[in-house]
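> Quick one: structure below, then a few questions.
Throughout, read-outs are computed from the coordinates displayed, never taken from laboratory work. None of the values given here were measured: they were computed from a predicted structure. All Cβ positions, glycine included, derive from the backbone under ideal geometry; neighbour counts span all protein chains shown.
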Amino acid sequence: MRSGRKNLIRSMSRRGVKSDKSPAVARKTFRLKEPSVCERCGAIFSHKTWRSDRRPTIALLDRATWTICPACEQVAGGQYFGKVAIVGTGAKVRLDAIRRRIANVARRASTTQPERRVVSADWNGATFEVLTTSQKLAHRIAHELEKAFGGTTSYNWSDEDGSLLATWRCPSAGANR
């Protein structure tokens, strides 16, 4: 009869496995005192997370440390971990609707997770490029665009810096949907 003890030992000593599963942005910054409040956006750091959906009390503001959140630093520095490339003939025709959809997805994401923001959104003539502070927001934007307007989406994750390139091919303006 086997006791299963060897399996337990193997599961506890895994080489090459990250013990810190926090986002890349959080690993690059120093540990903050709790509570902390962002000077720019008003997000509150408490219980190891940034939140913007809560109203701060006067007692919390009195003992809070004022700082700048990682998302505001990323936006100011132009640093991004997600990129959505929107290509295709129908993109220019639907540009206003695409911008509105991106703004809605970003607003919805930032209510519960203020670290997920759009860094920039630029049209360069052939492609519409959206840079985001997180992989997840870029993935969500590409998925929502595909759901709303059709087309196809491809995702490429980088092993070097952990960023995501999501390419959404917008169908032509005459296509159904």
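> If you rank Trp123, Trp157, Trp168 by fewest surrounding Cβ atoms within 10 Å, what's the result?
Sorted ascending by nearby Cβ count, the order is Trp157, Trp123, Trp168.
> Write down the radius of gyration of segment 77-169 and its Dmax, each obtained from C-alpha positions, in Å.
Cα-based Rg and Dmax for segment 77-169 come out at 12.2, 35 Å.
> Apply the Karplus curve 6.51 cos²θ - 1.76 cosθ + 1.60, θ = phi - 60°, to the phi angles in segment 83-98 and return the couplings in whole Hz, x for Gly and Pro.
Going residue by residue, I get 9, 10, 9, 9, 10, x, 6, x, 5, 5, 5, 9, 4, 5, 5, 5 Hz, with x marking Gly and Pro.
> So what's the gap between the Cα centers of segment 112-177 and segment 37-51, to the nearest angstrom?
Centre-to-centre (Cα) distance: 26 Å.
> Could I ask something else about it? Please report the Cα spread of segment 29-68 along all three principal axes, rounded to whole Å, starting with the longest.
Principal axes ranked by extent give 27, 19, 19 Å for the Cα atoms.
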